[in-house]
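Report on the structure given below.
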């Protein structure tokens, strides 16, 4: 469900934009207008693609439950039809009996035309068998004589539940996610290329090149000369986080030691941890990278971050996203 690679790239794009906003117009590292436009477009496209995929993942989880309900309801209708054909008298008042056809023959013919193999229900837990019978009932019911036909209301409801079941099976199997995954991957490629070009630009305008400590402000790795001091330490422990479900904001009192920013993490029940937001203050919007899945049960926490990586996690807060 989660893809921390694109989420990290989105947050990286946001950070570069934030640092650029704080630079004076004459600063040599200030991005050119077309570079800033390119960064904004690539970051927004990646954010939209990631959000669409996350919502599709949530829809996939919901669809699995709807598949189960759809199978139960459609199975109930099939049982009703089967009972109907065994529960009615076949003698039709005012119609002379056909000497060559018995009541049992007519009942068996009707059952066969409606998909019941040798008049039996079969295994309705088998979705293929269930849909085969439902399709036969829907297609052939009108051809039966009026005494044998299932009501139009029953057929109409079967059509609705059959359509809903097939649609949700496709969603539950990830059919809706496949094209969105391709869009997400393409958007990530574009954003990563933009970030790489910006790193080269920021290094090129500095007399120190790739050894410029200012690169760390953008979370770009700074090259070190042979024999230089040890690399930057990772952030220290972070304070206690509080979370406001109305604003989707997590807050700590201050940035941890050595941290250049704080990031929010979230993990839906049964899923993997994913990056949710980033800030150079003590507050993070946990819906920055993408929306929460409605009615999802989440665990939320924060860490410090700098060019060396992430620091220890804060306390974890449980929260259920609203519908």
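Only the coordinates and a few stated rules stand behind these numbers; no lab work does. Computed from a prediction, not measured in an experiment: that's the story for all the values here. Here the Cβ positions follow ideal geometry from the backbone for every residue, glycine too, while neighbour counts run over all protein chains shown.
At what distance in nm do the modelled label points of residue 139 and residue 84 sit from each other, each positioned 7 Å from its Cα along Cα→Cβ?
Between residue 139 and residue 84, the label points sit 1.8 nm apart.
List the relative contact order of the chain as a percent without decimals, with contacts defined as Cα pairs under 8 Å and 6+ residues apart. List each step's numbers first, then the result.
On the way: 483 pairs, mean separation 63.3, N = 323.
Averaging sequence separation for qualifying contacts and normalising by length gives 20 percent for the chain.
Which FRET efficiency value, to the nearest 0.05, do you get for residue 4 and residue 246 by plugging their Cβ-Cβ distance into 1/(1 + (r/R0)^6) with R0 = 30 Å? Could the numbers behind the result be given before it?
Working: r = 26 Å, r/R0 = 0.88.
Efficiency at R0 = 30 Å is approximately 0.70.
Within 10 Å of each residue's Cβ, count the other Cβ atoms and sort 12, 258 from fewest upward.
Working: 12 19, 258 16.
The order, fewest Cβ neighbours first, is 258, 12.
Compute the semi-axes of the equivalent ellipsoid of segment 144-208, taking the square root of 5 times each eigenvalue of the Cα gyration tensor, and list them largest first in whole Å. Don't skip to the end; give the middle numbers.
Values: eigenvalues 727, 11, 8 Å².
Sorted largest first and rounded, they come to 60, 7, 6 Å.
Along the Cα→Cβ direction, 7 angstrom out, place labels at residue 113 and residue 200. What is the inter-label distance in nm?
7.3 nm
Can you give me the distance in nm between label points at residue 120 and residue 35, each placed 7 Å from the Cα along the Cα-to-Cβ direction?
For residue 120 paired with residue 35, the spin-label model returns 7.5 nm.
Would you kindly calculate the mean projected area, averaged across all directions, of the convex hull enclosing the Cα atoms of segment 1-81, in square nanometres? Could the numbers behind the result be given before it?
Values: hull surface 28.8 nm².
Over every viewing direction, the Cα hull of segment 1-81 projects on average to 7.2 nm².
Segment 105-141 to segment 262-283: how many Å between their Cα centroids?
Rounded to whole Å, the Cα centres lie 51 Å apart.
Over segment 26-65, one equal point on each Cα, no solvent: what is log10 I(q)/I(0) by the Debye formula at q = 0.17, 0.21, 0.30 Å⁻¹?
Values, matching the q order: -0.58, -0.69, -0.90.
Let me have the relative contact order for segment 233-323, percent, based on Cα pairs under 8 Å that are six or more residues apart. Let's see the in-between values first.
Values: 245 pairs, mean separation 31.1, N = 91.
Rounded, it is 34 percent for segment 233-323.
Which of 26, 298, 201 has the fewest other C-beta atoms within 10 Å, and how do the rest follow up to the most?
Numbers: 26 6, 298 20, 201 13.
Fewest-to-most Cβ neighbours within 10 Å comes out as 26, 201, 298.
Mind sorting 120, 106 by how few other Cβ atoms lie within 10 Å of their own Cβ, fewest first?
Working: 120 9, 106 18.
With the fewest neighbours first, 120, 106 line up as 120, 106.
Mind pulling up the Rg/Rh value for the chain? Radius of gyration and Kirkwood radius, both on Cα. If you can, show how the numbers build up before the last one.
Working: Rg = 30.9 Å, Rh = 24.4 Å.
The Rg/Rh ratio comes out at 1.27.
From the gyration tensor of the Cα coordinates in segment 233-323, what semi-axes in whole Å does the equivalent ellipsoid have, largest first, with each one equal to sqrt(5λ)? Please report the intermediate quantities before stating the final value.
Working: eigenvalues 99, 30, 23 Å².
Working from the Cα gyration tensor, I get semi-axes of 22, 12, 11 Å.
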